[in-house]
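A.B. asks: Before I ask anything, here is the structure I am working with.
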Amino acid sequence: MEPFNELTALVVPIDRANVDTDAIIPKQFLKSIHRTGFGPNLFDEWRYLDRGEPGRSCVGRPLNDAFALNQPRYRGAAILLARDNFGCGSSREHAPWALLDYGIRVIIAPSFADIFFNNCFKNGILPITLDGALVDRLLQETLATPGYTLTVDLEAEMVTTPDGEGLPFDVDPFRRHCLLHGLDDIGLTLQHLPEIEQYEQQRRQDAPWAFLVRDQQQQGVS
Amino acid sequence: MKPQNLFEKIWNAHVIRTDKDGTSLLYIDRHLVHEVTSPQAFEGLRLAGRTVRRPEATFAVPDHNVPTKQLEQGITDPIARLQVETLDANCRTFGVHQFGMGDIRQGVIHVMAPEQGIILPGLTVVCGDSHTATHGAFAALAFGIGTSEVEHVLATQTLPQTKPRTMRIQVDGVLGPGVSAKDVVLYMIGQIGTAGGTGHVMEFTGTAISELSMEGRLTLCNMAIEAGARAGLVAVDEKTIDYLRGRPMAPKGADWDLAVTAWQQLKADPGASYDRTLTFAAEQIAPQVTWGTSPEMTLPVDGRIPDPAAETDPVRRGSLEKALLYMGLQPGTAVQDIPLDVVFIGSCTNGRIEDLRLAAAQVAGKQVAKNIKQALVVPGTGLVKQQAEAEGLDRIFKEAGFEWRAPGCSMCLAMNADVLGPGDRCASTSNRNFEGRQGPGGRTHLVSPAMAAAAAVAGHFVDIR
Ligand code: SF4
């Protein structure tokens, strides 16, 4: 995973609440067995006027000019500004994969759906929760100011506006650590293997019934 | 000792270690895997040279992409076929047990797992699928995860987690005739909103919940995720134990007795506390019909489409206007005056035998209305299908003009050939009414199985009370 430390980038606004993962990456793209290549289909149904299909190039497809991602002023944006409950719905990690593949590294919203929020951290995307009124103001400023950028500093847990105003945010320390160093959590967990094994042994004694699946399978019921 | 709620009991029994910052490493007892969210996880294992730590605790089934008719032709969509074949290959390579295509037990993962007795009270259960919450019906802590986490569980049988908060949803009283678990959960989401449960595990309590069958409790917990909750839970009682007795993967003999003794503890202690408690009266709950593009946009069947002009909050007004436009509805229209094009009965929310029985009761001896272009019944698994056929339900549906299909997710998310056309209006027993969920431009109204079946006969929604 790519580490995330500090970033100054153009901001793109998605000015609606409850943006679900189906909207972020429509289901037909879930048939892929890869992690990359979803960027051109990010927000496919809002971004294009026709229906996208996996494996079909997006070059030359008719664009919905009203959609922010298609407006030249937001080209190259790496910070996405959104409203409440961003990323709700399906657990598909294809949603953060598509955002990342497009180039988004930070999402700022008043609230996020839990699974999506988690998935972002696993993919080097920083989701930042800021107060609703503040997000509202940032949205207004973004819409009013072509070329609007924000600076995000994860180490300092601070978003800075072009006027130099600092907006502090909070990130769970473990996630912050992993993101700052680009750490793979599987490797981290495996450092605790002896504890996992010990737990497993103890639980086999306390709750043997929880471990019976293999026996049942071997009895020929599968 | 401090009284514990149900979530705390299960959580505490699974914490391997807790770091200073509060992140706990949680042991995972069962891992369910399907074709859509797993290929990248297995690929990750392969790249890192890792194995599946407990293949015997991991169960796979293809469901999202599988066709529900002309199965003899196999999967004709080459991209979907590749995904299903990738699951086959990964299960073989890593020694994971799969209920593959052609197995009578194959079907929607969240219908298959309880049916096989894979889900037991007090276990932790995960799956790369948000509707894993379903299994909380058995007092199992079950939640959906992303693909990176799928890989993490495959490799380690654990997950780092921060402890969620708890929310108690108490529903007391007696549900009226024609009111089902689906209506209870839609009503609850309508009250608290799709983000109302964010960061929480919901425990459902109260007399109306204990009266629900296991099937009903599965429906209820299934949609806890639509209220934003991490998981749903219902305490163990006799119904839980009766359901599990004799299931293929459930404990047997002396192990069974030991298990039952342990399971009987799986309810909140008297005086246990929760971060939040909400109380609803069962008598307040009418059959529900969602009208918009979010499960919280729900109405009683005798309601009328809301008017955005009455909404003072501009963001909410904007959402209402967008939803009305997408759904092609006018403010003030009576729910029962909305004509339908398609009816879908199935999914992990309502694809179990009891659901099919309730739906069949509404259509027996009747005909699907002329304006309905397609009416589909998709049993949750091959075993549900077999049982329904043994009871003659398939004949009732077919004689009424329904199509009787093979199991899978089907039109719940329309990844296979079962798709709404643009503008098609569907009464669906599934769980999500997002834009395009059942096909681009398709319009979804979420309802219970009995409401969907009655709507198929009438051609529009009807009050089944
Ligand atoms: S039936 Fe629908 S909600 Fe359930 S697992 Fe399948 S696609 Fe997901």
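Each value in this text was obtained by applying a stated rule to the coordinates, not by laboratory testing. Since the structure is predicted, the reported quantities are computational estimates derived from the model, not experimental observations. When we count neighbours, we look across all protein chains shown, and the Cβ atoms used for this are built from the backbone with ideal geometry, even at glycine.
A.B. asks: Going down the table (B:182/B:398; B:182/B:267; A:31/B:9; A:122/B:20; B:69/B:182), which pairs top 30 Å between alpha carbons?
C.D. replies: From the list (B:182/B:398; B:182/B:267; A:31/B:9; A:122/B:20; B:69/B:182), the Cα-Cα distance tops 30 Å for A:31/B:9.
A.B. asks: Please list, in order along the range A:168-183, the HN-Hα scalar couplings obtained from phi with the Karplus expression 6.51 cos²θ - 1.76 cosθ + 1.60 (θ = phi - 60°), rounded to whole Hz, x for Gly and Pro.
C.D. replies: x, 9, 10, 10, 3, x, 5, 5, 4, 4, 4, 5, 4, 9, x, 7
A.B. asks: When the chain is fully extended, how far beyond the present Cα-Cα distance does residue B:337 get from residue B:211, taking 0.36 nm per residue of separation? Could you put the intermediate results ahead of the total?
C.D. replies: Numbers: separation 126, 0.36 × 126 = 45.36 nm, distance 3.26 nm.
Here the segment from residue B:337 to residue B:211 would lengthen by 42.1 nm.
A.B. asks: Let me ask you something else. Provide the packing ranking of B:92-105, B:408-421, B:230-243, i.e. peptides ordered by the mean count of other C-beta atoms within 10 Å per residue, highest first. Please list the in-between numbers first.
C.D. replies: Working: B:92-105: 16.1, B:408-421: 24.4, B:230-243: 21.5.
Going by the mean number of other Cβ atoms within 10 Å, highest first, we get B:408-421, B:230-243, B:92-105.
A.B. asks: Sticking with this structure for a sec: Kirkwood Rh, Cα Rg: Rg to Rh for chain A?
C.D. replies: Taking Rg over the Kirkwood Rh, I get 1.07.
A.B. asks: All other residues with a Cβ under 13 Å from the Cβ of residue B:240 taken together, and with Lys, Arg as +1 and Asp, Glu as -1, what is their net charge? Please list the in-between numbers first.
C.D. replies: Details: positive: B:217, B:239, B:245, B:247, B:267; negative: B:215, B:237, B:238, B:242.
For residues surrounding residue B:240, the net value is +1.
A.B. asks: Sticking with this structure for a sec: Under the rule of at least 5 residues apart or a separate chain, name every residue whose amide H is placed under 5 Å from the amide H of residue B:142.
C.D. replies: Here the answer is B:125, B:136, B:232, since their amide H atoms fall under 5 Å of that of residue B:142.
A.B. asks: Right, something else. Roughly how tilted is helix A:193-206, in degrees to the nearest 10 and between 0 and 90, from the longest Cα axis of chain A?
C.D. replies: Result, in degrees: 50.
A.B. asks: Would you list A:31, B:20, B:163, B:267 from fewest to most Cβ contacts within 10 Å?
C.D. replies: Final ranking by Cβ density, sparse to dense: B:20, B:163, B:267, A:31.
A.B. asks: What are the membrane-span-like helices in chain B by this rule: whole DSSP H runs, Cα extent along the axis at least 18 Å, mean Kyte-Doolittle hydropathy at least 1.6?
C.D. replies: none
A.B. asks: Going 7 Å from the Cα of residue A:143 in the Cα-to-Cβ direction, what parts of the range B:313-351 have a backbone nitrogen less than 14 Å from that spot?
C.D. replies: B:314-319
A.B. asks: Aspartates and glutamates within cross-link reach of residue B:373: Cα-Cα under 20 Å, excluding same-chain residues under 8 positions apart?
C.D. replies: Those aspartates and glutamates meeting the cut-off are B:337, B:341, B:394, B:399, B:403, B:418, B:424.
A.B. asks: Sort A:70-77, A:175-182, B:208-215 by the packing proxy (mean of other Cβ within 10 Å over each peptide's residues), most packed first.
C.D. replies: Peptide ranking by packing, descending: B:208-215, A:175-182, A:70-77.
A.B. asks: Compute the long axis of helix A:132-144 from its Cα atoms, compare it with the longest principal axis of the Cα atoms of chain A, and write down the angle in degrees, 0 to 90, nearest 10.
C.D. replies: 40 degrees
A.B. asks: For residue B:265, project a label point 7 Å along Cα to C-beta. Then give me every residue of the range B:112-147 with its amide nitrogen under 13 Å of that point.
C.D. replies: B:122-123
A.B. asks: Explain nothing, just the number: relative contact order of chain A, from Cα pairs under 8 Å at least 6 residues apart, as a whole percent.
C.D. replies: Answer for chain A is 24 percent.
A.B. asks: Residue by residue, what Karplus-based ³J(HN,Hα) values in Hz, rounded to whole numbers, does the range A:104-117 have, using 6.51, -1.76 and 1.60 with θ = phi - 60° and x for Gly and Pro?
C.D. replies: Karplus values, whole Hz, x for Gly and Pro: 7, 10, 9, 10, 10, 7, x, 7, 10, 6, 4, 5, 4, 4.
A.B. asks: With runs of 4+ DSSP H residues as the only contributors, calculate the mean residue ellipticity of chain B at 222 nm using -39,500 (n - 2.57) per run, divided by the residue total and rounded to the nearest 500.
C.D. replies: -9500 deg cm²/dmol
A.B. asks: Amide H to amide H, which residues 5 or more places from residue B:163 or on other chains are under 5 Å from it, using H placed in the peptide plane?
C.D. replies: B:24
A.B. asks: Let me ask something else about it. May I ask you to sort B:451, B:327 by Cβ crowding, counting other Cβ atoms within 10 Å and putting the fewest first? Intermediate results must be reported in sequence, preceding the final value.
C.D. replies: Details: B:451 29, B:327 21.
The most exposed by this proxy come first: B:327, B:451.
A.B. asks: Okay, moving on. List the residues of the range A:1-25 whose backbone N lies under 20 Å from a point placed 7 Å from the Cα of residue B:315 along the Cα-to-Cβ direction.
C.D. replies: Those under the cut-off are A:11-24.
A.B. asks: Residue by residue through the range B:158-165, what is 3J(HN,Hα) from phi via Karplus (6.51 cos²θ - 1.76 cosθ + 1.60, θ = phi - 60°)? Round to whole Hz and write x for glycine and proline.
C.D. replies: For the range B:158-165, the Karplus-derived couplings read 9, 8, x, 9, 9, 5, x, 7 Hz, x marking Gly and Pro.
A.B. asks: May I pose another question? Let me confirm one metric for peptide B:27-33, namely the mean number of other chain beta-carbon atoms within 10 Å of its residues' beta-carbons.
C.D. replies: 2
A.B. asks: Follow-up question, since we're still on this one. Cα gyration tensor of the range B:326-465, axes a ≥ b ≥ c as square roots of the eigenvalues: rounded (a/c below 1.5), prolate (a/b > b/c) or oblate?
C.D. replies: It is oblate, given that a/c is not under 1.5 and a/b is not larger than b/c.
A.B. asks: Would you pull out the residues with amide H under 5 Å of residue A:91's amide H, same chain only if 5 or more places away, H placed 1.01 Å from N?
C.D. replies: Residues meeting the amide H criterion: B:130.
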